[in-house]
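What follows is a short report on a single structure.
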Amino acid sequence: MEELAEVVDISDHDITVVSQVKSTCNTCSQAATCASGQVAKAIPHKKLSLTLPYPESLNLLEKNQTIQVGDCVMLTLPEAGLLQSAWQVYLLPILGLILFSAIGQRLLLNGILSHELLALLLGMFGGYLGYRLAKYWQSQACQQSKLQPKILRVLPNFLDIKNENFKKH
């Protein structure tokens, strides 16, 4: 995934960039008749500010360019890390719920559990365990580093992100 951002501050080892948060409703053909499209038009677009570490290797940047305040940069987020994170966050709680619900149903049919409510609570506990497992995995440093945006390149001309129009300055 790639996104345009404007460099607004450079400190010793960090770069602060601002990116325009875009709604997908702007590209949808049904935006004029959809309630979500109307809400997206009514609410002003927000900006996302990120502070990133200065690129360790400027070899990523074309012709070893330096980054300056006001430059437009292309940020990238590795898709593999994003997909792995989405799998963990969405599927682990559901899988825990289904697995523990099946175990609860089996225990209920065998007469080990005396009431259906206990089987339901066991299923909810499995969903909670899946949630906690996903939360634990997401808090690991190796997973967080996979989701850290990186500066891919500096674009040759300044792009006006505020107006979403590409203008040369």
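The values are calculated or read from the model by the stated rules, or taken from the named source; none is laboratory data. No experiment lies behind these values; they were computed from the predicted model shown. Cβ: placed from backbone, ideal geometry, glycine included. Neighbour counts: every protein chain shown.
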Subject >> Positions within segment 41-75 being among the small types (G, A, S) and at pLDDT below 65, in sequence order >> reply: S57
Original post:
Out of curiosity, is L92 modelled with pLDDT of 80 or more and under 24 Å from T16 (Cβ atoms)?
Top reply: no
